[in-house]
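The values are calculated or read from the model by the stated rules, or taken from the named source; none is laboratory data. Only a predicted model underlies this, so the values are computations on that prediction, with no experimental measurement involved. Cβ placement follows ideal geometry from the backbone for every residue including glycine, while neighbour counts extend to all protein chains displayed. Note: areas computed on protein heavy atoms with side chains; ligands, DNA, RNA excluded. Shrake-Rupley method; radii C 1.70, N 1.55, O 1.52, S 1.80 Å.
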Amino acid sequence: SDSLPVVAVYVDVASAMSGVSLFGQRAAPDNWEFGKGGYEEENRVVSYDKFDYLLSEEKHIQGFRVIDVAPGHPRLDIKRLRVHTRDAIYIHEKKKKGIL
């Protein structure tokens, strides 16, 4: 049978710290490959060209568009008994040629 094309996913440090790399990789289909990078210069990814999707704390990454956002950074509002969050991890998809 035909094998599925490889889907390359980059996970930055903030995303990895959320547990996505541990739990996400376990649930991912066999054709998904994960790459990780770090904040240190020697562990930094120079180019995202080989990746189809990025999980990143960065809102804007050239050549990619945001398709979803995961909330994070919870803060408890005692007066209103609510937990407030803000956008934390952006899910980016590589832009297709000719599509903005």
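Exactly one residue out of Asp68, Asp52 is open to solvent by 70 Å² or more (accessible area, probe 1.4 Å), touching a strand residue (DSSP E or B) at 6+ places or on another chain (Cβ under 6 Å) and modelled with pLDDT of 95 or more, and it is Asp68.
Looking only at residues in the range 1-30 that are open to solvent by 100 Å² or more (accessible area, probe 1.4 Å) and either part of a helix (DSSP H, G or I) or aromatic (Phe, Trp, Tyr) (or both), the one that is modelled with the lowest pLDDT is Phe23. Taking the criterion of being β-branched (Val, Ile, Thr), in a loop (DSSP other than H, G, I, E, B) and without any contact (Cβ under 8 Å) to a residue 24 or more places away in the chain, the residues of the range 33-82 that qualify are Val46, Ile78.
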